[in-house]
Amino acid sequence: MQDDAPLAVLGAGSWGTAVAVLLASNGRQCLLWSRDPAHAACMAATRRNARYLGDIPLPAGVEPTGDLDAVLDRASDLVIAIPSAGFTTFVEGLRGRLADNARLAWLTKGLAHDTADTLDCVIASVLGEDRLRAVISGPSFASEVARGQPTAVTVASPDIAFAETVAGWLRNPVFRVYTSDDMLGVELGGALKNVLAIAVGISDGLGYGANARAALITRGLAELMRLFQAAGARPETLMGLSGLGDLVLTCTDDQSRNRRLGLALGRGESLTSALQAIGRVVEGVTTAEGVMRVAGRYGVELPICEQVYGVIHRDMPAQDAVQALLTRDPRPELGASFAD
(Lines give C-alpha, C1' and ligand atoms only; values in the text may rest on other atoms or scores of the structure.)
Protein backbone atom coordinates (compact mmCIF):
# COMPACT_ATOMS: atom_id res chain seq x y z
CA MET A 1 0.00 0.00 0.00
CA GLN A 2 1.10 3.61 -0.58
CA ASP A 3 2.35 5.38 2.54
CA ASP A 4 0.46 8.51 1.46
CA ALA A 5 -2.86 6.64 1.09
CA PRO A 6 -5.32 7.42 3.88
CA LEU A 7 -5.88 5.03 6.75
CA ALA A 8 -9.40 4.67 8.12
CA VAL A 9 -10.55 4.19 11.70
CA LEU A 10 -14.07 2.77 11.79
CA GLY A 11 -15.64 3.82 15.06
CA ALA A 12 -15.27 7.23 16.71
CA GLY A 13 -15.41 6.37 20.39
CA SER A 14 -12.59 7.28 22.75
CA TRP A 15 -10.12 4.57 21.67
CA GLY A 16 -10.84 4.84 17.96
CA THR A 17 -10.43 8.61 18.10
CA ALA A 18 -7.23 8.33 20.13
CA VAL A 19 -5.72 6.02 17.53
CA ALA A 20 -6.81 8.37 14.75
CA VAL A 21 -5.01 11.19 16.60
CA LEU A 22 -1.94 8.96 16.92
CA LEU A 23 -1.94 8.03 13.23
CA ALA A 24 -2.32 11.65 12.16
CA SER A 25 0.41 12.72 14.57
CA ASN A 26 2.64 10.19 12.82
CA GLY A 27 2.02 12.00 9.54
CA ARG A 28 -0.72 9.79 8.06
CA GLN A 29 -4.02 11.08 6.75
CA CYS A 30 -6.74 9.36 8.75
CA LEU A 31 -10.45 9.06 7.95
CA LEU A 32 -12.38 8.79 11.23
CA TRP A 33 -15.82 7.27 10.65
CA SER A 34 -18.70 7.73 13.08
CA ARG A 35 -21.96 5.84 12.66
CA ASP A 36 -23.68 9.09 13.68
CA PRO A 37 -23.32 11.68 10.87
CA ALA A 38 -24.22 14.50 13.27
CA HIS A 39 -21.37 13.43 15.56
CA ALA A 40 -18.99 13.37 12.60
CA ALA A 41 -20.11 16.84 11.53
CA CYS A 42 -19.63 18.18 15.06
CA MET A 43 -16.09 16.76 15.21
CA ALA A 44 -15.28 18.28 11.84
CA ALA A 45 -16.59 21.69 12.92
CA THR A 46 -15.03 21.84 16.39
CA ARG A 47 -11.90 19.75 15.73
CA ARG A 48 -12.68 17.89 18.95
CA ASN A 49 -14.44 14.67 19.94
CA ALA A 50 -15.92 16.30 23.01
CA ARG A 51 -18.30 13.37 23.59
CA TYR A 52 -15.43 10.95 24.24
CA LEU A 53 -12.13 12.82 24.58
CA GLY A 54 -13.06 16.20 25.97
CA ASP A 55 -10.92 19.10 24.76
CA ILE A 56 -8.14 17.07 23.10
CA PRO A 57 -7.74 18.59 19.61
CA LEU A 58 -7.93 16.55 16.42
CA PRO A 59 -4.82 17.07 14.26
CA ALA A 60 -5.28 18.41 10.77
CA GLY A 61 -4.71 14.93 9.36
CA VAL A 62 -7.88 13.54 10.99
CA GLU A 63 -10.94 13.81 8.71
CA PRO A 64 -14.19 12.95 10.50
CA THR A 65 -16.95 11.52 8.32
CA GLY A 66 -20.28 9.75 8.60
CA ASP A 67 -20.13 8.27 5.08
CA LEU A 68 -18.90 4.68 5.31
CA ASP A 69 -19.16 4.03 1.57
CA ALA A 70 -16.90 6.99 0.86
CA VAL A 71 -14.41 5.74 3.44
CA LEU A 72 -14.30 2.27 1.89
CA ASP A 73 -13.78 3.82 -1.54
CA ARG A 74 -10.83 5.90 -0.36
CA ALA A 75 -9.03 3.62 2.12
CA SER A 76 -7.83 0.04 1.85
CA ASP A 77 -6.22 -0.11 5.30
CA LEU A 78 -8.91 -0.18 7.97
CA VAL A 79 -8.75 -0.11 11.76
CA ILE A 80 -12.02 -1.27 13.36
CA ALA A 81 -12.98 0.27 16.70
CA ILE A 82 -16.48 -1.15 17.18
CA PRO A 83 -17.61 -2.54 20.59
CA SER A 84 -17.60 -6.33 20.75
CA ALA A 85 -21.40 -6.57 21.05
CA GLY A 86 -21.76 -5.12 17.55
CA PHE A 87 -18.55 -6.41 16.03
CA THR A 88 -19.94 -9.41 14.14
CA THR A 89 -22.84 -7.46 12.66
CA PHE A 90 -20.53 -4.67 11.57
CA VAL A 91 -18.05 -7.05 9.92
CA GLU A 92 -20.88 -8.87 8.15
CA GLY A 93 -21.88 -5.49 6.76
CA LEU A 94 -18.43 -5.16 5.16
CA ARG A 95 -18.80 -8.38 3.18
CA GLY A 96 -18.74 -7.64 -0.53
CA ARG A 97 -17.87 -3.97 0.03
CA LEU A 98 -14.11 -4.23 0.55
CA ALA A 99 -11.44 -3.97 -2.09
CA ASP A 100 -9.59 -7.22 -2.75
CA ASN A 101 -6.43 -5.70 -1.26
CA ALA A 102 -8.14 -4.28 1.84
CA ARG A 103 -6.29 -5.03 5.07
CA LEU A 104 -7.87 -4.97 8.54
CA ALA A 105 -6.77 -4.33 12.08
CA TRP A 106 -8.99 -3.93 15.13
CA LEU A 107 -8.82 -2.31 18.55
CA THR A 108 -11.79 -4.16 20.09
CA LYS A 109 -11.13 -6.26 23.20
CA GLY A 110 -13.81 -8.86 23.70
CA LEU A 111 -15.54 -11.91 22.25
CA ALA A 112 -18.20 -12.23 19.58
CA HIS A 113 -21.55 -11.66 21.27
CA ASP A 114 -23.40 -14.49 19.50
CA THR A 115 -20.77 -17.25 19.45
CA ALA A 116 -18.15 -16.27 22.08
CA ASP A 117 -15.52 -16.76 19.38
CA THR A 118 -12.48 -14.53 19.21
CA LEU A 119 -12.81 -11.58 16.87
CA ASP A 120 -10.12 -13.04 14.63
CA CYS A 121 -12.41 -16.02 14.06
CA VAL A 122 -15.18 -13.60 13.09
CA ILE A 123 -12.99 -11.80 10.56
CA ALA A 124 -11.68 -15.05 9.07
CA SER A 125 -15.14 -16.60 8.86
CA VAL A 126 -16.89 -13.59 7.35
CA LEU A 127 -14.17 -12.03 5.20
CA GLY A 128 -11.93 -15.02 4.45
CA GLU A 129 -8.94 -16.74 6.02
CA ASP A 130 -6.60 -15.14 3.50
CA ARG A 131 -7.56 -11.56 4.43
CA LEU A 132 -4.57 -9.78 5.99
CA ARG A 133 -5.63 -8.94 9.53
CA ALA A 134 -4.19 -7.95 12.90
CA VAL A 135 -5.29 -7.10 16.43
CA ILE A 136 -3.89 -4.17 18.42
CA SER A 137 -3.98 -4.71 22.19
CA GLY A 138 -2.22 -3.81 25.39
CA PRO A 139 -2.33 -1.49 28.42
CA SER A 140 -3.56 1.73 26.86
CA PHE A 141 -6.04 4.31 28.09
CA ALA A 142 -7.35 6.39 25.21
CA SER A 143 -6.89 9.81 26.78
CA GLU A 144 -3.23 9.13 27.56
CA VAL A 145 -2.55 7.96 24.02
CA ALA A 146 -4.32 11.00 22.56
CA ARG A 147 -2.23 13.29 24.77
CA GLY A 148 0.99 11.66 23.61
CA GLN A 149 1.89 10.01 26.90
CA PRO A 150 4.25 7.00 26.77
CA THR A 151 2.46 3.74 25.92
CA ALA A 152 3.39 0.26 24.73
CA VAL A 153 1.12 -2.25 22.96
CA THR A 154 1.27 -5.47 20.98
CA VAL A 155 0.16 -6.03 17.39
CA ALA A 156 -0.59 -9.67 16.57
CA SER A 157 -1.25 -11.19 13.17
CA PRO A 158 -0.96 -14.63 11.56
CA ASP A 159 1.22 -12.81 9.01
CA ILE A 160 4.12 -11.37 11.01
CA ALA A 161 5.08 -9.07 8.14
CA PHE A 162 1.64 -7.48 8.32
CA ALA A 163 1.96 -7.18 12.10
CA GLU A 164 5.12 -5.17 11.50
CA THR A 165 3.32 -3.04 8.90
CA VAL A 166 0.59 -2.15 11.39
CA ALA A 167 3.20 -1.52 14.06
CA GLY A 168 4.81 0.93 11.65
CA TRP A 169 1.58 2.89 11.37
CA LEU A 170 1.50 3.36 15.14
CA ARG A 171 5.09 3.49 16.28
CA ASN A 172 6.71 6.77 17.35
CA PRO A 173 9.11 7.91 20.10
CA VAL A 174 6.41 7.71 22.81
CA PHE A 175 4.29 4.87 21.42
CA ARG A 176 6.20 1.60 21.45
CA VAL A 177 4.84 -1.39 19.56
CA TYR A 178 5.81 -5.05 19.80
CA THR A 179 4.68 -7.76 17.39
CA SER A 180 3.42 -11.32 17.79
CA ASP A 181 1.80 -14.09 15.77
CA ASP A 182 -0.14 -15.42 18.80
CA MET A 183 -3.48 -13.81 17.96
CA LEU A 184 -5.38 -16.22 20.18
CA GLY A 185 -3.37 -15.32 23.27
CA VAL A 186 -3.51 -11.59 22.60
CA GLU A 187 -7.28 -11.70 22.11
CA LEU A 188 -7.99 -13.89 25.15
CA GLY A 189 -5.87 -11.65 27.36
CA GLY A 190 -7.63 -8.53 26.12
CA ALA A 191 -11.06 -10.05 26.68
CA LEU A 192 -10.71 -11.68 30.09
CA LYS A 193 -8.89 -8.79 31.77
CA ASN A 194 -12.10 -6.75 31.54
CA VAL A 195 -14.05 -9.35 33.51
CA LEU A 196 -11.31 -9.65 36.10
CA ALA A 197 -11.18 -5.86 36.48
CA ILE A 198 -14.86 -5.89 37.41
CA ALA A 199 -14.04 -8.45 40.12
CA VAL A 200 -11.24 -6.29 41.53
CA GLY A 201 -13.49 -3.25 41.43
CA ILE A 202 -16.20 -5.12 43.35
CA SER A 203 -13.67 -6.09 46.02
CA ASP A 204 -12.42 -2.52 46.36
CA GLY A 205 -15.98 -1.20 46.38
CA LEU A 206 -16.73 -3.51 49.31
CA GLY A 207 -13.74 -2.02 51.12
CA TYR A 208 -11.66 -5.21 51.21
CA GLY A 209 -8.36 -3.42 50.66
CA ALA A 210 -5.03 -3.93 48.94
CA ASN A 211 -4.45 -7.51 50.11
CA ALA A 212 -7.65 -8.73 48.46
CA ARG A 213 -6.89 -6.70 45.33
CA ALA A 214 -3.48 -8.34 44.95
CA ALA A 215 -4.96 -11.79 45.55
CA LEU A 216 -7.65 -11.31 42.91
CA ILE A 217 -5.18 -10.08 40.31
CA THR A 218 -2.85 -13.00 41.00
CA ARG A 219 -5.56 -15.64 40.97
CA GLY A 220 -7.09 -13.98 37.92
CA LEU A 221 -3.76 -14.44 36.21
CA ALA A 222 -3.94 -18.13 37.13
CA GLU A 223 -7.39 -18.35 35.49
CA LEU A 224 -5.96 -16.79 32.34
CA MET A 225 -3.10 -19.30 32.39
CA ARG A 226 -5.50 -22.24 32.61
CA LEU A 227 -7.52 -20.96 29.70
CA PHE A 228 -4.41 -20.20 27.64
CA GLN A 229 -3.15 -23.74 28.11
CA ALA A 230 -6.50 -25.33 27.28
CA ALA A 231 -7.04 -23.17 24.19
CA GLY A 232 -3.49 -23.48 22.86
CA ALA A 233 -2.31 -19.90 23.39
CA ARG A 234 1.28 -19.25 24.44
CA PRO A 235 2.11 -18.65 28.11
CA GLU A 236 4.73 -16.03 27.17
CA THR A 237 1.93 -13.96 25.61
CA LEU A 238 0.13 -13.99 28.94
CA MET A 239 3.19 -12.50 30.61
CA GLY A 240 3.39 -9.70 28.05
CA LEU A 241 1.64 -6.40 27.41
CA SER A 242 -1.65 -7.85 26.19
CA GLY A 243 -1.84 -10.22 29.17
CA LEU A 244 -0.32 -9.21 32.50
CA GLY A 245 0.27 -5.61 31.40
CA ASP A 246 -3.34 -4.95 30.44
CA LEU A 247 -4.64 -6.91 33.43
CA VAL A 248 -2.70 -4.76 35.92
CA LEU A 249 -3.68 -1.51 34.22
CA THR A 250 -7.39 -2.32 33.99
CA CYS A 251 -7.63 -3.68 37.53
CA THR A 252 -5.85 -0.84 39.30
CA ASP A 253 -6.66 2.48 37.64
CA ASP A 254 -10.00 4.27 37.86
CA GLN A 255 -9.81 5.31 34.21
CA SER A 256 -10.94 1.72 33.56
CA ARG A 257 -14.69 1.55 32.96
CA ASN A 258 -14.69 -2.10 34.01
CA ARG A 259 -13.05 -1.32 37.33
CA ARG A 260 -15.43 1.62 37.87
CA LEU A 261 -18.41 -0.65 37.22
CA GLY A 262 -17.10 -3.11 39.81
CA LEU A 263 -16.57 -0.31 42.33
CA ALA A 264 -20.19 0.79 41.89
CA LEU A 265 -21.51 -2.76 42.23
CA GLY A 266 -19.41 -3.30 45.35
CA ARG A 267 -20.87 -0.14 46.87
CA GLY A 268 -24.37 -1.48 46.34
CA GLU A 269 -25.43 0.33 43.16
CA SER A 270 -27.54 -1.52 40.63
CA LEU A 271 -26.04 -2.60 37.32
CA THR A 272 -28.41 -0.30 35.44
CA SER A 273 -27.56 2.80 37.47
CA ALA A 274 -23.83 2.05 37.37
CA LEU A 275 -23.84 1.69 33.60
CA GLN A 276 -25.86 4.87 33.22
CA ALA A 277 -23.37 6.77 35.37
CA ILE A 278 -20.43 5.53 33.31
CA GLY A 279 -22.29 6.39 30.12
CA ARG A 280 -20.13 4.34 27.76
CA VAL A 281 -19.69 0.71 26.73
CA VAL A 282 -18.28 -1.49 29.50
CA GLU A 283 -16.89 -4.46 27.60
CA GLY A 284 -16.69 -6.77 30.60
CA VAL A 285 -20.49 -6.91 30.88
CA THR A 286 -20.85 -8.61 27.50
CA THR A 287 -17.62 -10.55 27.83
CA ALA A 288 -18.56 -12.10 31.19
CA GLU A 289 -21.21 -14.20 29.47
CA GLY A 290 -18.93 -15.14 26.58
CA VAL A 291 -16.12 -16.15 28.92
CA MET A 292 -18.34 -18.69 30.65
CA ARG A 293 -19.19 -20.20 27.27
CA VAL A 294 -15.49 -20.38 26.43
CA ALA A 295 -14.76 -21.99 29.81
CA GLY A 296 -17.36 -24.66 29.10
CA ARG A 297 -16.00 -25.19 25.61
CA TYR A 298 -12.55 -26.00 26.96
CA GLY A 299 -13.60 -27.58 30.26
CA VAL A 300 -11.73 -24.96 32.31
CA GLU A 301 -12.69 -23.71 35.76
CA LEU A 302 -12.69 -19.90 36.05
CA PRO A 303 -14.12 -19.19 39.51
CA ILE A 304 -13.51 -15.43 39.58
CA CYS A 305 -15.05 -14.93 36.15
CA GLU A 306 -17.94 -17.17 37.18
CA GLN A 307 -18.73 -14.98 40.18
CA VAL A 308 -18.59 -11.82 38.06
CA TYR A 309 -21.03 -13.46 35.67
CA GLY A 310 -23.30 -14.25 38.61
CA VAL A 311 -23.28 -10.66 39.84
CA ILE A 312 -23.92 -9.14 36.40
CA HIS A 313 -26.24 -11.64 34.78
CA ARG A 314 -27.90 -13.45 37.71
CA ASP A 315 -28.37 -10.60 40.19
CA MET A 316 -26.10 -12.23 42.75
CA PRO A 317 -25.21 -9.81 45.58
CA ALA A 318 -21.59 -8.74 45.38
CA GLN A 319 -20.98 -9.83 48.99
CA ASP A 320 -22.22 -13.35 48.18
CA ALA A 321 -19.91 -13.58 45.17
CA VAL A 322 -16.86 -12.74 47.27
CA GLN A 323 -17.96 -15.16 49.98
CA ALA A 324 -18.26 -17.92 47.39
CA LEU A 325 -14.64 -17.34 46.40
CA LEU A 326 -13.40 -17.23 49.98
CA THR A 327 -15.11 -20.50 50.92
CA ARG A 328 -13.84 -22.59 48.01
CA ASP A 329 -12.01 -25.78 48.97
CA PRO A 330 -8.35 -25.16 49.82
CA ARG A 331 -5.75 -26.45 47.37
CA PRO A 332 -2.06 -26.01 46.48
CA GLU A 333 -1.30 -22.60 44.96
CA LEU A 334 0.79 -23.84 42.02
CA GLY A 335 0.82 -26.99 39.95
CA ALA A 336 2.37 -28.08 36.71
CA SER A 337 -0.36 -26.26 34.81
CA PHE A 338 -1.77 -23.64 37.23
CA ALA A 339 -4.59 -26.17 37.41
CA ASP A 340 -6.35 -24.96 40.56
For the structure I just gave you, tell me whether Gly66 is under 28 Å from Glu164 (Cα atoms) and not acidic (Asp, Glu). no
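Can you pull out the residues in the stretch 240-272 that are of a type in the set (S, T, N, Q) and open to solvent by less than 50 Å² (accessible area, probe 1.4 Å)?
We begin by selecting, within the stretch 240-272, every residue of a type in the set (S, T, N, Q); these are 242, 250, 252, 255-256, 258, 270, 272.
Across the stretch 240-272, the qualifying residues are Ser242, Thr250, Ser256, Asn258.
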Tell me which of these Leu275 doesn't satisfy, since it passes every other one: (1) open to solvent by 70 Å² or more (accessible area, probe 1.4 Å); (2) more than 19 Å from Gly220 (Cα to Cα); (3) within 20 Å of the chain's Cα centre (by Cα). (1)
Among the residues of the stretch 76-129, the number that are more than 18 Å from Val195 (Cα to Cα), touching a residue at least 60 places away in the same chain (Cβ under 8 Å), open to solvent by 30 Å² or more (accessible area, probe 1.4 Å) and in contact with a helix residue (DSSP H, G or I) (Cβ under 7 Å, 6 or more places away or on another chain) is 1
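Is it true that Ala124 is small (Gly, Ala, Ser) and under 17 Å from Arg28 (Cβ atoms)? Outline the logic, then answer.
Values: small (Gly, Ala, Ser): yes; under 17 Å from Arg28 (Cβ atoms): no.
Taking the combined requirement at face value, the residue does not satisfy it.
Only one of Ala215, Ala233, Ala197 is over 22 Å from Val122 (Cα atoms) and open to solvent by less than 30 Å² (accessible area, probe 1.4 Å); which?
The unique qualifying residue is Ala197.
The rows are residues; the columns are (1) in a helix (DSSP H, G or I); (2) in contact with a Ser or Thr (Cβ under 7 Å, 6 or more places away or on another chain).
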| position | (1), (2) |
| --- | --- |
| Arg28 | no, no |
| His39 | yes, no |
| Ala45 | yes, no |
| Pro59 | no, yes |
| Phe87 | yes, yes |
Residues that are touching a residue at least 40 places away in the same chain (Cβ under 8 Å) and open to solvent by 50 Å² or more (accessible area, probe 1.4 Å), drawn from the stretch 27-59: Tyr52
Within the stretch 200-212, restricting attention to residues that are of a type outside the set (S, T, N, Q) and not in a loop (DSSP other than H, G, I, E, B), which residue is most open to solvent (accessible area, probe 1.4 Å)? Ala210
Looking only at residues that are of a type outside the set (Val, Ile, Thr) and either in a loop (DSSP other than H, G, I, E, B) or modelled with pLDDT under 95 (or both) in the stretch 296-312, which one is most open to solvent (accessible area, probe 1.4 Å)? Glu301
Can you name the number of the only condition in (1) over 26 Å from Thr151 (Cβ atoms); (2) part of a helix (DSSP H, G or I); (3) open to solvent by 20 Å² or more (accessible area, probe 1.4 Å) that Trp15 fails? (1)
Answer yes or no as to whether Glu289 is touching a Phe, Trp or Tyr at 6+ places or on another chain (Cβ under 8 Å), more than 23 Å from Ala215 (Cβ to Cβ) and open to solvent by 10 Å² or more (accessible area, probe 1.4 Å). yes
Selected residue [open to solvent by less than 40 Å² (accessible area, probe 1.4 Å) and part of a loop (DSSP other than H, G, I, E, B)] from Ala5, Ala24: Ala5
Gly138 meets each of (1) of a type outside the set (S, T, N, Q); (2) without any contact (Cβ under 8 Å) to a residue 40 or more places away in the chain; (3) farther than 26 Å from Asp36 by Cα with one exception, condition (2)
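The values are calculated or read from the model by the stated rules, or taken from the named source; none is laboratory data. Source: prediction; values computed, not measured. Reconstructed Cβ throughout: ideal geometry from the backbone, glycine too, with neighbour counts over all protein chains shown. We work out accessible area using only protein heavy atoms, side chains counted, and drop any ligands, DNA or RNA first. Shrake-Rupley method; radii C 1.70, N 1.55, O 1.52, S 1.80 Å.
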